Amino acid sequence: MSESVVYGKVYDEIKVQSMHSSTTKYVVRCGDVSWGRDGNYKPVIYVLMEYKEHLETYTNPPHYMIEPDVTGISDITKVINAIEKLKKKFNIK
């Protein structure tokens, strides 16, 4: 049995522009995920990368820029803010 992740229903997502390039975004999602392809889905918050409007669904983790952009905010702060918005929306403690 494969140990890869299977993505299920997406409840909501927030796209965050990355400093990497104008065509790169972090996609912060609240949705169902099944590990091991066994159909046992669990609700989670996860981050994928989008490059040139193509969503990457491989299991390598995103790497978050920590230096501030021209507005003075780092990518990691923007992603954390998006996670906090989803937590609030879905009443996640």
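The values are calculated or read from the model by the stated rules, or taken from the named source; none is laboratory data. Since this is a predicted model, take the numbers as computed values, not measurements. Glycine also receives a Cβ, built like all others from the backbone with ideal geometry; neighbour counts cover every protein chain displayed.
Residue by residue through region 57-93, note down the ones that are more than 14 Å from V27 (Cα to Cα), in contact (Cβ under 8 Å) with a residue 40 or more places away in the chain and among the aliphatic types (A, V, I, L, M).
Listed by number, the residues that qualify are M65, I92.
How many residues, within region 8-57, are in a strand (DSSP E or B), under 21 Å from I80 (Cβ atoms) and not hydroxyl-bearing (S, T, Y)? Working first, answer last.
Start the filter on region 8-57 by keeping residues that are in a strand (DSSP E or B), which leaves 8-17, 24-35, 42-51, 54-56.
Now narrow it down to the ones that are under 21 Å from I80 (Cβ atoms): 10-17, 24-31, 33, 43-50, 55-56.
Next, only the ones that are not hydroxyl-bearing (S, T, Y) stay: 10, 12-17, 25, 27-31, 33, 43-45, 47-50, 55-56.
Of the residues in region 8-57, 23 are in a strand (DSSP E or B), under 21 Å from I80 (Cβ atoms) and not hydroxyl-bearing (S, T, Y).
Give region 1-17 a look and list any residue that's modelled with pLDDT under 95 and not hydrophobic (A, V, I, L, M, F, W, C), or say none. Let's see the steps before the verdict.
Keep residues of region 1-17 that are modelled with pLDDT under 95, which gives 1-8.
S2, E3, S4, Y7, G8 - these are the residues of region 1-17 that are modelled with pLDDT under 95 and not hydrophobic (A, V, I, L, M, F, W, C).
Could you list, in sequence order, the residues of region 35-93 that are of a type in the set (K, R), loosely packed, with under 10 Cβ neighbours inside 10 Å and closer than 23 Å to T23 by Cβ?
Scanning region 35-93 gives a single hit, K52.
Looking at V16, V47, V27 in this structure, which one is among the β-branched types (V, I, T), closer than 22 Å to K93 by Cα, out of contact with any Leu (no Cβ under 7 Å at 6 or more places or on another chain) and touching a residue at least 12 places away in the same chain (Cβ under 8 Å)?
Numbers: V16 fails: closer than 22 Å to K93 by Cα; V27 fails: out of contact with any Leu (no Cβ under 7 Å at 6 or more places or on another chain).
The conditions single out V47.
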